[in-house]
Amino acid sequence: MPSPQPSLDRTNIKPGDRLCAAISGGADSVALLLTLHAANTAPRQSLGVGLSAVHIHHGLRGEEADADQHFVESLCARLDIPLHVHRASVPRRIAETRAAGDPETIEEAARAIRYEYFATLIASGHADSILTAHTLDDQAETVLMKLLRGAWTEGLSAIHPVVLVTNPNQRSGKILRPFLNTRRADIEAFLKQAKQPWREDSTNIDTAFTRNKIRHELLPQLRAYNPNLDQTLANLAELAREEESRWQTELNRLLPQLLLPGKPVRGGGRAVSTAPGQSAVAIELDRLRALDPALRRRVLRAAARQLGARLSFDETSRLLSLCGFLPNPTVAARTGAALHLSSNLRAERSPRELRLFLHNQ
């Protein structure tokens with residue numbers, strides 16, 4: 001029985017769009033390109049889009065990566081699909097980020113390079129949307145990886161089906177993941193049936209990388225407890241996305257009423273620092289006290305984000321203790337008490353307020 005062509009989510013695709021498919025040469029991206037091409041050339045219900053492809057050479061894996069590029073070029077030539085090729089150097093980026101004091105891993109640097117180039121294609125008008133071939137398997141792996149690292153709900157939302165790409169004073173667009181509900185096994189079955197080869201990245205079996213360790217070791221063990229685990233984890237991501245969207249709407253409504261700039265001054269009003277690298281927000285303790293525990297945590301984390309900092313679970317709990325909402329023998333819930341948090345974030349308690357400020361030395 002022939003394997004059906006993978007289902008393509010057309011929700012965010014409309015006739016006239018300029019779509020650019022990211023293709024590495026692996027099974028998932030090859031299937032995405034073939035599916036898009038077939039849908040765009042179908043005699044009935046054609047997508048009616050301008051279709052191109054993009055391939056990123058990361059400057060890793062030497063001749064293997066060169067062969068990947070050649071494979072992609074040949075495939076696009078056969079399908080008569082314009083191809084953008086971007087050659088970059090992940091090792092050079094890692095060295096630059098290390099010198100800047102914020103070193104990236106290989107995976108982080110490669111991802112940053114890809115998405116920066118995707119944004120360039122959108123800003124230059126070559127594409128309205130970039131399509132990546134993330135699958136349900138990728139989603140399950142990402143949720144589990146985030147869970148193991150102690151992610152909050154927004155982290156568990158994992159890979160989003162649609163991501164807006166905004167460029168100030170330039171064209172904006174989207175990143176689309178139309179295969180996010182498709183299993184990798186179904187994709188490979190389709191390609192085998194179509195006698196379409198693909199490239200295998202040799203690093204995908206290296207369990208020194210966390211994702212590979214989860215894919216090849218942890219997930220197979222967990223499926224013994226729940227054979228439908230991948231779908232369960234993907235469902236969790238969808239629930240988390242919906243929860244976060246709902247909470248963000250509530251925070252957008254409340255934060256302008258709760259967050260105060262600077263610090264109060266004698267006689268009324270507030271003093272806001274104009275010193276370079278210094279900014280602050282404050283929240284009245286009585287107003288925090290009136291919120292339910294879940295909303296308190298989110299308000300504190302949102303306040304920190306406005307200053308460019310991200311709070312961990314422990315740091316948020318320490319802030320709640322500083323306000324007197326949680327018992328903690330190491331945190332004094334009294335006027336004048338202070339906390340030093342990560343990312344140069346500081347917190348001070350006054351008689352009526354919790355003040356957060358960020359001072360870059």
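Just so you know, all these numbers are worked out from the coordinates, no wet-lab data involved. Keep in mind the model is a prediction, meaning the values are calculated, not measured. Neighbour counts are summed over all protein chains in view; Cβ atoms, including those assigned to glycine, are modelled from backbone coordinates with ideal geometry.
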key: Amide proton proximity set for residue 174, modelled H, under 5 Å, gap of 5+   = 129, 130, 165
ask   = What ranking of 146, 192 emerges when the number of other C-beta atoms within 10 Å of each C-beta is taken as an exposure proxy, fewest first?
value = 192, 146
inquiry  = With angles folded into 0 to 90 degrees, how steeply does helix 229-258 sit against the dominant principal axis of the chain? Use alpha carbons for both and round to 10.
reply    = 40
query = What is the helix-to-structure angle for 106-123, meaning the angle in degrees between its Cα long axis and the longest Cα principal axis of the chain, kept from 0 to 90 and rounded to the nearest 10?
reply = 80
Table column - 3J(HN,Hα) (Hz), the stretch 179-187, Karplus curve with 6.51, -1.76, 1.60, x for Gly and Pro = 9, 5, 9, 10, 7, 4, 4, 5, 5
task = Would you mind calculating the relative contact order of the stretch 125-179 from Cα pairs under 8 angstrom and at least 6 residues apart, reporting the percent as a whole number?
result = 50
request  = Would you mind checking the tilt of helix 27-41 against the longest principal axis of the Cα atoms of the chain, expressed as 0 to 90 degrees and rounded to 10?
outcome  = 70
Value at 222 nm in deg cm²/dmol, rounded to 500, when DSSP H runs of n ≥ 4 in the chain each add -39,500 (n - 2.57) = -13500 deg cm²/dmol
ask   = Expressed as a rounded percentage, what relative contact order does the chain have, with Cα pairs under 8 Å and six or more residues apart?
value = 14
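Evaluate the stretch 18-244: find the radius of gyration of its Cα atoms, find its Kirkwood radius, and give the ratio Rg to Rh.
Rounded to two decimals, Rg/Rh equals 0.95.
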remark   = Put in order of increasing Cβ neighbours within 10 Å, starting from the fewest, 17, 201, 314 give 314, 201, 17
Lysines whose Cα lies under 20 Å from that of residue 174, excluding same-chain neighbours fewer than 8 positions away = 14
Karplus 3J(HN,Hα) series, Hz, for the stretch 163-175 with 6.51 cos²θ - 1.76 cosθ + 1.60 (x for Gly, Pro) = 10, 7, 10, 10, 10, x, 6, 9, 5, 10, x, 9, 9
